[in-house]
1. If I ask for residues that are among the basic types (K, R) and in contact with a strand residue (DSSP E or B) (Cβ under 6 Å, 6 or more places away or on another chain), which ones from segment 10-40 would you list?
2. Any residue that is surrounded by fewer than 18 Cβ atoms within 10 Å (Cβ to Cβ), out of contact with any strand residue (DSSP E or B) (no Cβ under 8 Å at 6 or more places or on another chain) and among the β-branched types (V, I, T) - is there at least one of those in segment 49-70?
3. Condition first: farther than 13 Å from S30 by Cα and out of contact with any strand residue (DSSP E or B) (no Cβ under 6 Å at 6 or more places or on another chain). Can you find one or more residues in segment 144-158 that meet it?
4. Go through segment 133-144 and count every residue that is free of Cβ contacts under 8 Å to residues at least 40 places away in the same chain and in contact with a helix residue (DSSP H, G or I) (Cβ under 9 Å, 6 or more places away or on another chain).
5. Could you figure out which of (1) among the aliphatic types (A, V, I, L, M); (2) within 17 Å of the chain's Cα centre (by Cα); (3) closer than 13 Å to L71 by Cα isn't true of L175?
6. Please verify whether L12 is part of a loop (DSSP other than H, G, I, E, B) and closer than 16 Å to D180 by Cβ, treating the condition exactly as stated.
7. Out of segment 56-105, which residues are acidic (D, E) and modelled with pLDDT under 95?
8. Scan segment 145-166 for residues that are under 22 Å from I50 (Cβ atoms) and touching a residue at least 60 places away in the same chain (Cβ under 8 Å) and jot them down.
Amino acid sequence: MVEALSPARVRLREHVLAHSLESGRFTLKSGVESNWFLDTKQTACRPDGILALADAALEVIPHEATAIGGLTMGADAAAFGIAAIAAERGRSLRSFSVRKEAKDHGITGRIAGALEPNDRVIITEDTVTRGTSLMDAVDVVRTFGADPILILVIVDRGGTCAAMAEAAGIAYRPLLTAADLGFEPGT
């Protein structure tokens, strides 16, 4: 059974379709060829887009969450924007990035931002097919001493991410799916 989209998710879908979807021939990061591509930073980096994204995300982010972030660059705009809008609405979510490689000077390591040990963390990403980047972020956050409680993505193209999240014992919530955008999952 297909879940009905809330008004906030409908508004997000409309923004993604208008600003983030491209048609053509594309080879995705996963190596899969597709006739559609999503640059969801085009939604997360526009004022009306980040508002739509935050409205949809804040509907599903548990109140016990204390931080939001993920692997840079895919998570940055979403994490920072959602945290800022949450603050305006009386919810405290600190944001952070997970670097692709450890920094060896200044504040070292792979975490940049306001993550603290024992935080209850939302791991986010813009568009996902396989989920390997998300799982890398999960591992780094766990090693840091924080607890990932939800993986939240703007769009799940229909790959293996849900199964990977389940295997890692973390709730998984895509705000939109390929089907929500009118495409077959995994294409």
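1. R13
2. Looking through segment 49-70, none of the residues is surrounded by fewer than 18 Cβ atoms within 10 Å (Cβ to Cβ), out of contact with any strand residue (DSSP E or B) (no Cβ under 8 Å at 6 or more places or on another chain) and among the β-branched types (V, I, T).
3. Scanning segment 144-158, I find at least one residue that is farther than 13 Å from S30 by Cα and out of contact with any strand residue (DSSP E or B) (no Cβ under 6 Å at 6 or more places or on another chain), so the answer is yes.
4. Going through segment 133-144 one residue at a time, the tally reaches 2.
5. For L175, the exception is condition (3).
6. no
7. Result: E101, D104.
8. L150, L152, I154, V155, R157
The values are calculated or read from the model by the stated rules, or taken from the named source; none is laboratory data. What you see is a predicted model; the values in this text were computed from it and never measured. Backbone-built Cβ (ideal geometry, glycine too); neighbour counts: all protein chains shown.
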